[in-house]
Amino acid sequence: MAEDGASCGDSCGWAAAVVAMLAFGSFGVPIKSDASNSVDIDPLVFQTYKTIMCFLTSWIVLLLGQDFTFTPWGIVSGLCWVPGGVAFIYGVRNAGLAVIQGISATFIVLVSFIWGIFIFQEGVRSTLDATGAVGLMCIGLWGMSYYSSPEVLRHELGPDSSTSNNENTEEENPSANNIGYLNVQQEDESQFEDELQYPGNTTEIEVKQLDYVDVYGYRICRRKMGLAAAVFNGVWGGSIMAPMHYSKGNTGGLGYVISFAIGASIVTLFLWIMRYAYHVNRTGSFVKGFEALPSFHVRVMWLAGGTAGTLWSIGNICSMISVEYLGEGVGYSVVQSAMLVSGMWGIFWFKEVIGIVPRIQWLLAASITILSILWLSYEHRK
């Protein structure tokens, strides 16, 4: 296995990066299905679905000839991934998918690049030029996020565009009313503004109350909390692959998959124990504390959650291979261009970006991202 990997070289790293981009860019699609939108999934619950599928699919590497190996560094990676994943889901539910994914990807690129180039001293032709390529990638990712946000869409289309375009959009795309948190065709204007879903009989006063959350006595805008969660996911989760660098022996790349899955499972279980302890302390009862835990909605979510988790797991395995061959700074940074894929889903399938001008602006930002990938690939040195 090691000899095959040695002969494979950078081509394996780039191929794995492409597969990771496709998987990471598509794992959010099942989240926006009718089944997922019909229930109010708790972020930790959905993260648990991802963790379960990550654990179940990790053992596939044994069928590929990989020996069973475990390193405690997998737990450290789990500490980076699980809280960051929960924050990402929370951010999507409170600020929207496109914006959150763009912010998270930008910070992940910056963090992983710092780890790879400045801490691990990974080989590049020129540190200055590689930094410029990463900076250009961040601009492209930010642009794709910005030009797919509802605020920009409403500015480009005008305040009355959601009503005038509603019938045409429904005819072109029957699933337009089920595209999730970025639905710009809904009749409720508050959904268009804040990308939130409220019950149909919610009054204007109740909507304003739902727009805020109480944090230790302070009322904070839900959207701002979502954006803060995206920053946390990017900064904290951006170090997810760094521990693999410190693992010894045959525990890199595919050899790290099982360690990562076990570590993520341990961290997820720990978070559930902590949450249960919190509810027990709050209610003063073990039974009531258990009843206060959020529902998994298994009958509704098993397919969507399982599919999303499987796609994420595929992306995770391929990203490890990419980092093994290309390094943290180049490999994991390129993988974050998965927003190209998720953006294409949003434009051509979910019809999230409406209008010629916003689509052209998004495609220009995507072109900048592609250019930065090509530039960064040139700067990579074996």
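Summary table below
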read-out	value
Inter-centroid distance (Cα atoms) of segment 321-347 relative to segment 352-382, Å	12
Average accessible surface area per residue within segment 1-147, 1.4 Å rolling probe, Å²	40
With DNA, RNA and ligands ignored, accessible area of Val298 (1.4 Å probe; Å², nearest 10)	90
Listed residues Glu379, Glu291, Glu122 arranged by accessible area, highest first, probe 1.4 Å	Glu291, Glu122, Glu379
Debye, to nearest 20: dipole size of segment 1-143, +1 on Lys, Arg Cβ, -1 on Asp, Glu Cβ	360
Potential extension, Ile266-Ile139 segment - 0.36 nm per residue separation minus Cα distance	42.1 nm
Shape call, segment 51-152: gyration tensor on alpha carbons, a/c limit 1.5	oblate
Accessible area of Leu22 in the full protein assembly, 1.4 Å probe (Å², nearest 10)	100
Virtual spin-label span in nm between Arg219 and Ile119, 7 Å along Cα→Cβ	4.0
Of all accessible heavy-atom area on segment 309-382, the percent that carbon and sulfur account for (1.4 Å)	75
Distance between segment 91-138 and segment 223-282 - C-alpha centres, whole angstrom	19
Fully extended contour minus Cα-Cα distance, from Leu63 to Arg275, at 0.36 nm per residue	72.7 nm
Extension gain, Lys288 back to Asn250 (0.36 nm per residue minus Cα-Cα distance, nm)	9.1 nm
Accessible area, probe 1.4 Å, largest first, for residues Lys288, Lys248	Lys248, Lys288
Solvent accessible area, Å² - Arg282, 1.4 Å probe, full protein context	140
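The values are calculated or read from the model by the stated rules, or taken from the named source; none is laboratory data. Here the structure is a predicted model, which is why all the values come from computation and not from measurement. Heads up, the Cβs are rebuilt from the backbone with ideal geometry, glycines too, and the neighbour counts pull from every protein chain shown. All accessible areas refer to the heavy atoms of the entire protein, side chains included, with ligands and DNA or RNA removed. Shrake-Rupley method; radii C 1.70, N 1.55, O 1.52, S 1.80 Å.
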